[in-house]
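Visitor: A single structure is presented below for examination.
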Amino acid sequence: MSAVTAEIGASVVVPVAKSPGFWRNVLRRLSRDPVAMIALAIIVILVLVAIFAPYIAPYDPSKGSVIRRLKPMGTPGYPLGTDELGRDMLSRLIHGARLSLIMGVIPVPIAFIIGSTIGIIAGYSGGIVNTLIMRTIDVFYAFPSVLLAVALSGALGSGLTNALVSLTVVFIPQIARVAESVTTQVRKLDYVDAARASGASAATIIRVHILGNVLGPIFVFATSLISVSMILASGLSFLGLGVRPPDAEWGLMLNTLRTAIYSNPFVAALPGVMIFITSICFNLFSDGLRTAMDVKS
Amino acid sequence: MTDPMIDIRNLSVTFNRGRKPVKAVNGVSLSVNSGEVVALLGESGSGKSVTMRSLLRLHPKGTTIEGSMRVAGKDVTELSARELADYRGATVSMVFQEPRLALDPVYTLGQQIEEAIIRHKGVSRREAASRALGLFEKVRIPSPERRLMNYPHEMSGGMLQRSMIAMAIACNPKVLLADEPTTALDATVQIQILLLIRELQKEYGLSVIFVTHDIGVAAEVADRIAVMYAGRIVEEGKVADVIQNPKHPYTKGLLGARVELAHGRDRLITIPGAPPDLAALPPGCAFAPRCGEAVAQCLTDVPRLTATDGTASVACVKYA
């Protein structure tokens, strides 16, 4: 028996190709998902537009004129019309992408790092440590996120930094909760016991087996929060708690244009359309990522 | 005779979760010599897995372990956290029931085996990789170079169990604990895995504790059988003695309940009743309520495990 198998093992020439790693596999599968790829392409275009805004925008976004106020879409020279102060909408939307993306994207990775650390500690320790951490988190979680963001921004005062801080604080409990529940599940699985049975220390188990299995799901959840973050950020600006005029930001633009909603509804809705497109692209991309990371499929 | 490799004396394990403490193991004594295979036989919840996991101290927090356990001359209950990490995997290792759940899904099998080797032997990754390859050849996994780079979900249950075994013997342990290693596999693969374990056991002179609820498997692989019921050993002896001449009524019941004996009949013979609640054990023999031969004394006194002849012992008033 053993001789026969040894022979088979020797006669088969095995191409020793390096097996693609987990993330390589995920990328490969993701690249085959048309919806996720289109969403990613739109996100990339938006980011590029935001970076090169001064070169792309046809006009200065803060320069208005009383005689050009509220031109409809399709006006020669102003394809997307002008706003209530006669500023070119196209230029303002292009420049607005900068602040909107910053406010949408920045809070999530910060909250991801802090929230998953808290959640993994709570999930792995269990018992009283878990109860202490998670009940504190629950206090924050009890507030609707919009209310919490508004309350925090209101307390901290308006401005970009404060808005970013309050959005981060809003997301930490949500991410911590997901991290805690995934860690609690993984901690009880056989392979953690098996690692312990083969002599792995607690540090090794957390670093190798817990992190390896837990970061993926938390990461997917975090990417889905980017769209929420954008909408919340726009909401804060709309309420005057985020960016201050005359800076261009989509949420703030929605606010200042709301007086024109009856006279010029299409122009007034444009910033909302941009928020919608961006957040749905982030959502679709995170959906694609979730599917691609499902190892069993 | 030399000292036994594993010497468990009067082991009791109590889980203190929930409202009532649950006594999963109640004074088990068992010794296994070097190079010997002992099968722990019993139904679900009889404490066989708990007994075995105690040898690696793999219990959740808040579990009380009483009694003494010595493995290879070391007192397991006294080991510090660091000594325990050195002991697990290097002196005693374990094969789990469900290989699919016992291997980490996000790492290749090679990475997982190498990790264990590096941890205990402190060799370079290259050296660990070549040892892993040798182990895969040892457990007869075809095209081992390629298989080492596979993730667990890319392999069949039998292959995964072979990998588990390769990982278990990676650091030359003296004792192998096998927790129903063939239960999750289909029948044709089961026998191959049993033969493999038996073969490796002989080659390396391993002491093996083999937990199973399948008498056929126990007979196939073991030198001795210990039958457990409600956290106690009720009968112990050489395989042939226990199977041909069972003494304890529970062992007789188990042997009578085999599928092979139900040939042509439409119903299996079963032991009436259900195992007792481990949170509220009866004062006497735990099997007495289900036993057809019970007498008044069975309901009040716990029978001690007493030797009937040189190698066998039984815990029943009929033989006391």
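Visitor: Can you flag which of B:Lys174/B:Lys238; B:Lys74/B:Lys174; B:Lys23/B:Lys252; B:Lys23/B:Lys74; B:Lys202/B:Lys247; B:Lys252/B:Lys318 are past 19 Å Cα-Cα? Write down the numbers at each step before the final one.
Guide: On the way: B:Lys174/B:Lys238 22 Å; B:Lys74/B:Lys174 12 Å; B:Lys23/B:Lys252 25 Å; B:Lys23/B:Lys74 25 Å; B:Lys202/B:Lys247 30 Å; B:Lys252/B:Lys318 14 Å.
Beyond 19 Å between Cα atoms: B:Lys174/B:Lys238; B:Lys23/B:Lys252; B:Lys23/B:Lys74; B:Lys202/B:Lys247.
Visitor: Further question: Go ahead and set up a Gaussian network model of chain B, Cα springs under 10 Å, then flag whichever of B:Gln244, B:Gln190, B:Gln112 fluctuates most.
Guide: B:Gln244
Visitor: Follow-up question, since we're still on this one. Long-range amide H contacts for B:Asn26: which residues qualify at under 5 Å (H placed 1.01 Å from N, peptide plane, sequence gap of 5 or more or a different chain)?
Guide: Placed amide hydrogens put B:Val13, B:Arg232 under 5 Å from B:Asn26.
Visitor: Computed FRET efficiency, Cβ-Cβ of B:Ala257 and B:Asp3, R0 41 Å: what is it to the nearest 0.05? If you can, show how the numbers build up before the last one.
Guide: Values: r = 37 Å, r/R0 = 0.91.
Working from the Cβ atoms, E equals 0.65.
Visitor: Between B:Asp309 and A:Arg258, what is the spin-label point distance in nm, taking each point 7 Å from the Cα along the Cα→C-beta axis?
Guide: 9.5
Visitor: Then there is this: Looking only at chain B, where both bridge partners belong to it, what percent of the DSSP beta bridges are antiparallel (to the nearest 5)? Mind dumping the intermediate values first?
Guide: Numbers: 28 of 47 bridges.
In chain B, DSSP labels about 60 percent of beta bridges as antiparallel.
Visitor: Hey, another quick one. Using the Cα atoms of the stretch A:68-154, I'd like the radius of gyration and the largest Cα-Cα distance, Dmax, both in angstrom.
Guide: Rg then Dmax for the stretch A:68-154, in Å: 22.0, 68.
Visitor: Give me the percent of accessible area attributable to carbon and sulfur for the protein assembly as shown, probe 1.4 angstrom.
Guide: Working: 17540 of 28730 Å².
Here it works out to 61 percent.
Visitor: Under a plain spin-label model, where a point goes 7 Å from the Cα along Cα-to-Cβ, how far apart in nm are A:Val44 and A:Trp23?
Guide: My value for the distance between the label points is 1.8 nm.
Visitor: Still on this structure, please answer the following. Find, among the GluC sites (Glu not before Pro) in the stretch B:224-320, those assigned to loop by DSSP (not H, G, I, E, B) with at most 13 other beta-carbon atoms within 10 angstrom.
Guide: On the way: sites: B:Glu235, B:Glu236, B:Glu260, B:Glu293; in loops: B:Glu293.
Taking the stretch B:224-320 and a limit of 13 other Cβ atoms within 10 Å, the loop GluC sites (Glu not before Pro) found are B:Glu293.
Visitor: Scanning chain A for chymotrypsin sites (Phe, Trp or Tyr not before Pro) in DSSP loops with at most 16 other Cβ atoms within 10 Å, what's the longest stretch left with none?
Guide: Numbers: sites that count: A:Phe52, A:Tyr262.
Answer from the scan: A:53-261.
Visitor: Which cross-chain or sequence-distant (5 or more) residues have an amide H under 5 Å from the amide H of B:Val37, H modelled 1.01 Å from N in plane?
Guide: B:Val208, B:Asp223, B:Arg224
Visitor: Let me ask you something else. What ranking do B:142-149, A:103-110 get when scored by the average of other Cβ atoms within 10 Å per residue, highest first? Intermediate results must be reported in sequence, preceding the final value.
Guide: Details: B:142-149: 18.1, A:103-110: 20.9.
Ranking the peptides B:142-149, A:103-110 by packing returns A:103-110, B:142-149.
Visitor: Calculated from DSSP H runs of 4 or more alone, at -39500 (n - 2.57) each and per residue, what is the 222 nm mean residue ellipticity of the protein assembly as shown, nearest 500?
Guide: Values: 24 runs with 306 residues, N = 617.
Computed mean residue ellipticity for the protein assembly as shown: -15500 deg cm²/dmol.
Visitor: Loop-only check: which trypsin sites (Lys or Arg not before Pro) in the stretch B:1-102 are DSSP coil with at most 13 other Cβ within 10 angstrom?
Guide: Working: sites: B:Arg9, B:Arg17, B:Arg19, B:Lys23, B:Lys48, B:Arg53, B:Arg57, B:Lys61, B:Arg70, B:Lys74, B:Arg82, B:Arg88, B:Arg100; in loops: B:Arg17, B:Arg19, B:Arg57, B:Lys61.
Loop-located and lightly packed - B:Arg17, B:Arg19, B:Lys61.
Visitor: Report the antiparallel proportion of the DSSP beta bridges in the stretch B:75-221 as a percent, rounded to a multiple of 5.
Guide: Numbers: 0 of 10 bridges.
Percent antiparallel among DSSP bridges in the stretch B:75-221 is about 0.
Visitor: With a 1.4 Å probe on protein heavy atoms only, work out how much accessible surface A and B bury together, total over both chains, in Å² to the nearest 100.
Guide: Values: alone 15760 and 15490 Å², together 28730 Å².
Looking at A and B, the buried total is near 2500 Å².
Visitor: Using only the alpha-carbon atoms of the stretch A:152-297 as identical scatterers, what base-10 log of I(q)/I(0) does the Debye formula give at q = 0.11, 0.15, 0.16, 0.19 Å⁻¹?
Guide: After summing over all Cα pairs, the log10 values are -0.59, -0.86, -0.92, -1.10.
Visitor: Would you please state which residues of the stretch A:88-112 a label at A:Ala155 would reach in this model, taking the label point 7 Å out along Cα→Cβ and a backbone N cut-off of under 19 Å?
Guide: So the set is A:111.
Visitor: Which FRET efficiency value, to the nearest 0.05, is calculated for B:Tyr204 and B:Leu133 with the Förster distance at 22 angstrom and r the Cβ-Cβ distance?
Guide: Working: r = 18 Å, r/R0 = 0.83.
The computed FRET efficiency comes out at 0.75.
Visitor: Over its Cα atoms, what ratio of radius of gyration to 2.2 N^0.38 Å does the stretch B:38-113 give?
Guide: Numbers: Rg = 14.3 Å, N = 76, 2.2 N^0.38 = 11.4 Å.
Compared with the compact-globule rule of thumb, the stretch B:38-113 sits at 1.26.
Visitor: To two decimal places, what compactness ratio does the protein assembly as shown give when its Cα radius of gyration is scaled by 2.2 N^0.38 Å?
Guide: Numbers: Rg = 33.0 Å, N = 617, 2.2 N^0.38 = 25.3 Å.
Against the compact-globule rule of thumb, the ratio is 1.31.
Visitor: Shifting gears a bit: Using the beta-carbon distance between B:Ser68 and B:Lys121 and R0 = 51 Å, what value does 1/(1 + (r/R0)^6) give for FRET efficiency, to the nearest 0.05? Mind showing how you got there, number by number?
Guide: On the way: r = 30 Å, r/R0 = 0.58.
After rounding, the FRET efficiency stands at 0.95.
Visitor: Just to confirm the filter: which trypsin sites (Lys or Arg not before Pro) across the stretch B:206-263 are DSSP coil and have at most 15 other Cβ within 10 angstrom of their Cβ? Spell out each step's value before the answer.
Guide: Values: sites: B:Arg224, B:Arg232, B:Lys238, B:Lys247, B:Lys252, B:Arg258; in loops: B:Lys247, B:Arg258.
Passing both the DSSP loop test and the Cβ count: B:Arg258.
Visitor: So, for the protein assembly as shown, what is the accessible surface per residue at a probe of 1.4 Å, expressed in square angstrom?
Guide: Numbers: 28730 Å² over 617 residues.
So the protein assembly as shown comes to 47 Å² accessible per residue, rounded to a whole number.
Visitor: If amide H atoms are built 1.01 Å from N in the plane of the peptide, which residues on other chains or at least 5 residues away come under 5 Å of the amide H of B:Thr308?
Guide: B:Ser313, B:Val314
Visitor: Now a separate question. Counting partner chain Cβ atoms within 10 Å of every residue's Cβ in B:98-104, what's the average?
Guide: Going residue by residue through B:98-104 and averaging, the value is 5.
Visitor: Taking each residue of B:147-154 in turn, how many C-beta atoms of other protein chains fall within 10 Å of its C-beta, and what is the average? Don't jump to the answer; show the numbers that get you there.
Guide: Details: counts 1, 2, 6, 1, 4, 2, 3, 2.
Mean partner-chain Cβ count within 10 Å for B:147-154: 3.
Visitor: In nm, give the distance between the simple-model label positions of A:Arg244 and B:Lys20, each being 7 Å from the Cα along the Cα-to-Cβ direction.
Guide: If labels sit at A:Arg244 and B:Lys20, their model points lie 6.9 nm apart.
Visitor: For the protein assembly as shown, give me the percentage of DSSP beta bridges that are antiparallel, rounded to the nearest 5 percent.
Guide: On the way: 30 of 49 bridges.
If we restrict to bridges inside the protein assembly as shown, about 60 percent are antiparallel.
Visitor: Also, quick follow-up: Zone of A:Ile128 (label point 7 Å along Cα→Cβ, backbone N under 17 Å): which residues in the stretch B:54-85?
Guide: Counting only backbone N, you get B:61-63.
Visitor: Another question about this same structure. With a cut-off of 8 Å between alpha carbons and a minimum separation of six or more residues, what is the relative contact order of chain A in percent?
Guide: Details: 408 pairs, mean separation 72.9, N = 297.
Averaging sequence separation for qualifying contacts and normalising by length gives 25 percent for chain A.
The values are calculated or read from the model by the stated rules, or taken from the named source; none is laboratory data. As the structure is a prediction and not an experimental result, all values here were calculated from the model. Because the Cβ atoms are built from the backbone with ideal geometry, glycine has one as well, and the counts that use them run over all protein chains shown. These area figures cover heavy atoms from the full protein model, side chains too; ligands, DNA and RNA do not enter into them. Shrake-Rupley method; radii C 1.70, N 1.55, O 1.52, S 1.80 Å.
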